[in-house]
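Contents: one structure, followed by commentary.
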Amino acid sequence: MATVNPRKPLEQRGRKLSIHVVTWNVASAAPPLDLSDLLQLNDQDLNLDMYVIGLQEKNCGIISLLNDTAFEDSWSSFFMDVLSPLGFIKVSCVRMLGLLLLVFSKHQHLPFIQILSTNSIPTGLFGYWGNKGGVNICLKLYGYYISIINCHLPPHMTNNDQRLEHFDRILEMQNFQGLDIPNILDHDLILWFGDMNFRIEDFGLHFVREAIKKQCYSDLWEKDQLSLAKKCDPLLREFQEGPLLFPPTYKFDKNSNNYDTSEKKRKPAWTDRILWRLRRKPQDDPHIPKLLAPYFSLSQRSYVSHMMYSISDHKPVTGTFDLELKPLVSVPLITLMPEGLWTLENDMLISYTLTADFLSSPWDWIGLYKVGLRDINDYVSYIWVGDNQVFCSDRLNQVYINISDILETEEQFLLCYYSNNLRSVVGISKPFKIQPCAFMGADPPKEDQPQN
């Protein structure tokens with residue numbers, strides 16, 4: 001029986017990444033105390049590599065916006081506090097009024113994630129107001145182009161045509177002028193999710209609620225506006241979605257699991273959705289060895305709502321995906337090597353090598369971080385590589401970094417090389433410790449001891 005050689009290079013073996021996608025209209029609420037179920041923190045077998053989190057109707061009052069401009073917003077801080085101890089780092093974020101999109105990754109993937117673009121597409125008030133629209137993060141992951149879109153489309157049953165128009169407009173506005181990025185429809189993967197506001201047509205309120213009560217969701221699928229649109233719209237048809245095996249996620253009385261009991265008694269609907277589109281689909285060819293095909297594919301492991309959260313009139317929805325790919329990039333652009341035994345009494349010497357195709361900048365910098373950093377700005381110390389270089393050759397470079405202000409600690413550290421041209425981390429070291437000051441076996445100085 002043939003076996004896979006564990007010593008095969010990464011680019012020949014392929015890689016599987018697990019991605020957890022969250023969409024939630026939070027209706028201006030603050031984060032709840034516990035998001036373990038939403039983030040699947042209690043599933044020890046899940047072993048996630050990335051989180052993609054999209055919120056809609058985040059508090060967008062003037063005071064909130066001013067505070068978020070000066071400080072990290074409460075939702076971002078909450079997610080960072082929860083995920084950073086688990087080895088996740090905030091890679092990128094983009095916000096437009098109530099829309100917030102966050103991407104987190106395990107730190108070992110950082111050198112292979114390049115943030116190419118962040119974009120906001122307002123569609124409210126004829127395109128001048130961001131209460132509706134989409135936010136996008138375009139990135140390269142192990143060499144593949146991926147676009148992530150969080151959207152909030154127009155509400156109400158009668159505005160279905162407007163929803164479809166806004167869907168097309170958001171897609172059309174994903175232009176990357178002046179950047180060497182292909183058209184979004186040529187990206188290897190598009191993840192598109194959010195409060196899409198599609199409703200259930202024709203059926204009356206009583207019928208819909210009875211179907212939900214009996215868990216006869218299939219009776220409602222045929223009148224779901226998004227499902228109907230996918231049958232007619234050739235572009236929308238290219239987007240896939242998992243089966244809706246959970247109750248409609250809108251509209252609930254806040255702080256309860258009861259559907260709307262107000263005077264309006266809005267009809268329940270699956271407003272909160274997660275879609276995806278693959279450019280390169282697996283080749284169903286029996287003559288191609290399984291190890292070679294597919295080299296880029298996405299499969300959905302779960303698609304569920306989380307009924308336990310009641311801070312909003314929407315229930316959050318999550319989708320967990322397995323992304324299988326054959327890396328197009330398998331070697332970091334920068335390899336960082338802390339030299340020798342690092343102690344608090346000396347400047348630290350850092351050696352690093354770079355690949356032949358890496359274009360450095362005078363504004364590149366190396367940051368020293370404690371393991372468990374929340375994002376790239378959480379450095380303990382940093383140096384500009386151009387100003388602190390002590391040795392330079394075609395491949396090997398050496399710089400010094402001052403660590404005199406670091407307090408003695410048992411914590412581990414790591415180094416990250418940030419490329420200004422690529423706006424991304426392109427190299428990360430293995431974790432290491434910094435030793436406390438040594439006095440070579442002698443008694444410590446006595447000058448500061450009290451006099452008799």
Q: Among the numbered conditions (1) at pLDDT 90 or above; (2) surrounded by 16 or more Cβ atoms within 10 Å (Cβ to Cβ); (3) under 23 Å from Ser404 (Cα atoms), tell me where Val329 comes up short.
A: (3)
Q | So Asn136, is it open to solvent by 30 Å² or more (accessible area, probe 1.4 Å), within 30 Å of Phe358 (Cα to Cα) and in a strand (DSSP E or B) | A | no
Q: Residue by residue through region 78-98, note down the ones that are over 18 Å from Tyr369 (Cβ atoms), free of Cβ contacts under 8 Å to residues at least 60 places away in the same chain and either open to solvent by less than 10 Å² (accessible area, probe 1.4 Å) or not in a strand (DSSP E or B) (or both).
A: Phe78, Phe79, Val82, Leu97
Q) Given the residues Lys290, Lys315, which is the only one that is of a type in the set (D, E, K, R), farther than 23 Å from Arg237 by Cβ and at pLDDT 95 or above? A) Lys315
**Q.** Qualifying residues in region 399-428 (those that are in contact with a Cys (Cβ under 8 Å, 6 or more places away or on another chain) and at pLDDT 90 or above) - the one nearest to His107 (Cα to Cα)
**A.** Ile428
Q.
Quick check on region 182-202. Is at least one of its residues free of Cβ contacts under 8 Å to residues at least 24 places away in the same chain and touching a helix residue (DSSP H, G or I) at 6+ places or on another chain (Cβ under 6 Å)?
A. no
(Q) Please determine whether any residue of region 215-227 is open to solvent by 70 Å² or more (accessible area, probe 1.4 Å) and either within 20 Å of Asp161 (Cβ to Cβ) or under 26 Å from the mean Cα position of the chain (by Cα) (or both). (A) yes
Q) In region 95-107, what residues are over 16 Å from Leu17 (Cβ atoms) and at pLDDT 95 or above? A) Leu99, Leu100, Leu101, Leu102
Q) When residues of region 241-280 are filtered for being at pLDDT 95 or above, closer than 25 Å to Leu185 by Cβ and open to solvent by 20 Å² or more (accessible area, probe 1.4 Å), how many remain? A) 2
Q) Just one of the numbered conditions (1) open to solvent by 30 Å² or more (accessible area, probe 1.4 Å); (2) modelled with pLDDT under 90 is not true of Trp342; which one? A) (1)
Q. Within region 400-413, which residues are surrounded by 18 or more Cβ atoms within 10 Å (Cβ to Cβ) and over 19 Å from Gln389 (Cα atoms)?
A. Phe413
Q) For region 134-152, does any single residue satisfy the condition of being in contact with a Leu (Cβ under 9 Å, 6 or more places away or on another chain), farther than 20 Å from Val91 by Cα and charged (D, E, K, R)? A) no
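The values are calculated or read from the model by the stated rules, or taken from the named source; none is laboratory data. Being a predicted model, the structure only gives us computed values, none of them experimental. Every residue, glycine as well, gets a Cβ built from its backbone with ideal geometry; the counts of neighbours run over all protein chains shown. Just the protein is used for accessible areas: all its heavy atoms, side chains included, with ligands, DNA and RNA removed. Shrake-Rupley method; radii C 1.70, N 1.55, O 1.52, S 1.80 Å.
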